[in-house]
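One structure is given below, encoded as structure tokens.
The values are calculated or read from the model by the stated rules, or taken from the named source; none is laboratory data. It should be emphasised that the depicted structure is a prediction, and the values quoted were computed from it without experimental measurement. Backbone-built Cβ (ideal geometry, glycine too); neighbour counts: all protein chains shown. To get the accessible areas, we keep the full protein, side chains included, count just its heavy atoms, and leave off ligands, DNA and RNA. Shrake-Rupley method; radii C 1.70, N 1.55, O 1.52, S 1.80 Å.
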Amino acid sequence: MIFTPAPLAGAFIIDLQPFSDERGWFARYYCKNEFQSAIGHVKEWVQFNHSVSYTKGTIRGMHFQVPPFREIKMVRCISGAVYDVIVDIRRDSPTFLQWTGVELSAENGRMLYIPEGFAHGFQTLSDNSALLYHHTEFYTPGAESGLRFDDPAVGISWPLPQTVMSARDIAHPLIDKNFKGI
């Protein structure tokens, strides 16, 4: 695997190094020792999730869990393509409320490693896009929160017009002077 630091500290774009032959290809996408030595990841992955979004332009996010349930996520697109976005919401970070995005697709095989203290979401770039998520914390309903996908305080530039969103994601409040991050 190739670990490339993303523009926001602690986040990494991970590229696979597949072995190919006449049968196809094989690649490792997680090795505890390699993750520890390359990026210092030592937490256990405790939950894996799989999502499918049917319609191009769908936005999911921007989700996070509050302390003490902050989580590290690793996201991989296994069908279709998405524009994956993270927002730094660490209150003492020099990049507080800055965002970055990367295309993840079944074709490029990239993954995004998202440290604790980030909101996460994505927009589908094709119909029937599927993602796998790895989490270091269990989903905790009382600890879930989110940012609005179109919050002017963050200014995410989505590549496509928004087509489908959940009522819950649309209802996330806009950031105001009381937002202190996590």
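Looking only at residues in region 56-73 that are open to solvent by less than 40 Å² (accessible area, probe 1.4 Å) and not charged (D, E, K, R), the one that is nearest to V87 (Cα to Cα) is M62.
Screening region 4-14 for residues that are touching a residue at least 40 places away in the same chain (Cβ under 8 Å) and open to solvent by 40 Å² or more (accessible area, probe 1.4 Å) and picking the one that is nearest to L104 (Cα to Cα) gives P7. Checking Y133, Y139 one by one, the residue that is touching a Lys or Arg at 6+ places or on another chain (Cβ under 7 Å), open to solvent by 20 Å² or more (accessible area, probe 1.4 Å) and not charged (D, E, K, R) is Y133 and no other. Test A153 against the stated conditions and say whether it is open to solvent by less than 30 Å² (accessible area, probe 1.4 Å) and either over 19 Å from V75 (Cα atoms) or in contact with a Ser or Thr (Cβ under 8 Å, 6 or more places away or on another chain) (or both). Considered against the rule, which asks whether it is open to solvent by less than 30 Å² (accessible area, probe 1.4 Å) and either over 19 Å from V75 (Cα atoms) or in contact with a Ser or Thr (Cβ under 8 Å, 6 or more places away or on another chain) (or both), A153 comes out as no.
Evaluation of K43 against the conditions (1) charged (D, E, K, R); (2) touching a Phe, Trp or Tyr at 6+ places or on another chain (Cβ under 8 Å); (3) under 19 Å from L132 (Cα atoms) shows that the sole unmet condition is (2). So N178 clears everything in (1) in a loop (DSSP other than H, G, I, E, B); (2) surrounded by fewer than 19 Cβ atoms within 10 Å (Cβ to Cβ); (3) touching a residue at least 12 places away in the same chain (Cβ under 8 Å) except one condition, right? Which one? All conditions are met except number (3).
Going by the structure shown, is D151 part of a helix (DSSP H, G or I), under 15 Å from M62 (Cα atoms) and either modelled with pLDDT of 95 or more or not β-branched (V, I, T) (or both)? Please lay out each step first, then the result.
On the way: part of a helix (DSSP H, G or I): no; under 15 Å from M62 (Cα atoms): yes; either modelled with pLDDT of 95 or more or not β-branched (V, I, T) (or both): yes.
No, not satisfied.
Here L112 meets the list (1) among the hydrophobic types (A, V, I, L, M, F, W, C); (2) in contact with an Asp or Glu (Cβ under 9 Å, 6 or more places away or on another chain); (3) without any contact (Cβ under 8 Å) to a residue 12 or more places away in the chain almost entirely, failing just condition (3). The set of residues from region 115-144 being among the small types (G, A, S) and at pLDDT below 95 comprises just one member, G142.
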